[in-house]
């Protein structure tokens, strides 16, 4: 994984408190909405409320994992994922005193995941930020018990490929990149895009005001000119998606 410069690290760290606050707000909102539905005077039958609980569970888990991954990729610690899920599990236990709903979860370890988190930001044109958790919720009814189980996987991925054309003196190069952003395998929106090029093995230089075209389908083309003598141009594209999840991908551009 490449070293980031101080300016980039500071920007990511500055997002941490904002993302953490957003995570808490989402969890409180989703829990409060479901408490209202469950305790409303004209609440539905037991079977219907079980379906509602299943839907609320998916929403709550999704929000908890998304907010955790946004926090982690902005400089937070991996333990935030477990902390968010613990908060959600405690909320479900308090939903209704006569109908306890214990929620258990397991974080994926293996297949590139550690404590439920995979951050793959390498120099092969692919970047992945992902969180994965298995869950099991038991709904203790008066006459029977219902068990809901499954998995929640939140993934933001980025692919980068490109080439350059050389100017008359051979050192000025116009770089053209094609970037594709995905949320859980579907084309997605990038809220912020920055691009760097490698000047030396230790120095990455930000590109100022690259030309960016948004094709409206998760695909972006970036064009910029740099003055560099090397035969190849190493680039790093870093994006924040609409869910505030950060991902980066590095690529090597050759002459077209």
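Every read-out reported here was derived from the displayed coordinates using simple, explicitly stated rules and does not represent laboratory data. Here the structure is a predicted model, which means the values were calculated and not measured. Ideal geometry is used to build each Cβ from the backbone, glycine not excepted, and the neighbour counts take in all protein chains shown.
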Among 67, 254, which comes first, then next, by fewest other beta-carbon atoms within 10 Å?
254, 67
Below 8 Å, C-alpha to C-alpha, sequence gap of six or more: please give me the relative contact order for the range 158-255 in percent.
35
Quick one: if the Förster radius is 30 Å, what FRET efficiency do residue 106 and residue 201 give, using the C-beta to C-beta distance and rounding to 0.05?
0.15
Where the Cα pairs of the range 215-256 fall when distances are cut into 5 Å bins, in %
5, 14, 25, 23, 16, 11, 6, 1
Taking 25 °C and 0.890 mPa s as the conditions, I'd like the Stokes-Einstein D for the range 158-255 in µm²/s, using the Kirkwood hydrodynamic radius from alpha carbon pairs.
179
